[in-house]
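A.B. asks: Here it is, the structure, as structure tokens.
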Amino acid sequence: MHCFHLFAAALLIAPAAEFGLAQAPAAGSDTHPEDRAKLVYHGGLVSPPLPKPQFTLTDTSGIPFDFRSKTDGYVTLLFFGYTNCADVCPMHMSYLGSALKRLPKNVAGRFKVVFVTTDPDRDNPRTLRAWLNNFDSDFIGLSGTVAEIRAAQSAAGVPAAKGPPSYDHAAFIVAYSADNLGHLVYPSGISEADWLQDLPQLAKETWSR
């Protein structure tokens, strides 16, 4: 499998004029202290932020899932991948699931993790649900036709997966905070410890600074 492993691949999301990565300020810069506080996240800051996309796919119980409305008010972590992925997908889901289990319930309850399969031919609802349950039974699994999934990726500004037989797919998670804007992307390589530091902060983040 060949995933878009490097964080630089996130630049494929949109033209540079629409998608910029905030850089840490140089020592002695005039950046306001409150702005510097935003740079402690392990994910890459997106400037301007990405609007939460509108698309409807089918969840693992066979019910239509309107992504925008069903995640409104939650911190939403969106990832496109597939269950036969050998490395990036299980790593992301495992670290994220483990981190959420270690958080207080009132914090973990503010998140929705949405995994959209890029391999709908093999990832039937039962397969997708069983795979996600390995990490967290609350993780939401979505599928649809190839055309519907491509449309969802386009709506999210994520590069379309390519395959079969091997699937190239974006290796980053888009994090939408409660304002329904994607302020961060998390590349492959993010650890459980990184999530444990970032998730509580994301849960209370207002981006009103």
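A.B. asks: If I filter region 53-85 down to residues being in a loop (DSSP other than H, G, I, E, B) and of a type in the set (Gly, Ala, Ser), which single residue comes out as nearest to Arg150 (Cα to Cα)?
C.D. replies: My answer is Gly62.
A.B. asks: Collect the residues in region 156-176 that are modelled with pLDDT under 95, among the small types (Gly, Ala, Ser) and buried (at least 21 other Cβ atoms within 10 Å of the Cβ), keeping them in residue-number order.
C.D. replies: Hits for region 156-176 are Ala156, Ala161, Ala170, Ala171.
A.B. asks: Tally the residues that are under 18 Å from Ala171 (Cα atoms) and among the charged types (D, E, K, R), restricting the search to region 124-160.
C.D. replies: Residues flagged as under 18 Å from Ala171 (Cα atoms) and among the charged types (D, E, K, R) within region 124-160 amount to 1.
A.B. asks: So is Leu128 modelled with pLDDT of 95 or more and within 23 Å of Asp59 (Cβ to Cβ) or not?
C.D. replies: Considered against the rule, which asks whether it is modelled with pLDDT of 95 or more and within 23 Å of Asp59 (Cβ to Cβ), Leu128 comes out as yes.
A.B. asks: All but one of (1) modelled with pLDDT of 95 or more; (2) out of contact with any Ser or Thr (no Cβ under 6 Å at 6 or more places or on another chain) hold for Asp87; which doesn't?
C.D. replies: (1)
A.B. asks: Restricting attention to region 44-87, and to residues there that are among the hydroxyl-bearing types (Ser, Thr, Tyr) and within 15 Å of Ser143 (Cβ to Cβ), which single residue is surrounded by the fewest Cβ atoms within 10 Å (Cβ to Cβ)?
C.D. replies: Here the answer is Ser61.
The values are calculated or read from the model by the stated rules, or taken from the named source; none is laboratory data. Remember, it's a predicted structure, so these values are computed and weren't measured experimentally. Cβ coordinates were reconstructed from backbone atoms using ideal geometry, including for glycine residues, and neighbour counts include every protein chain displayed.
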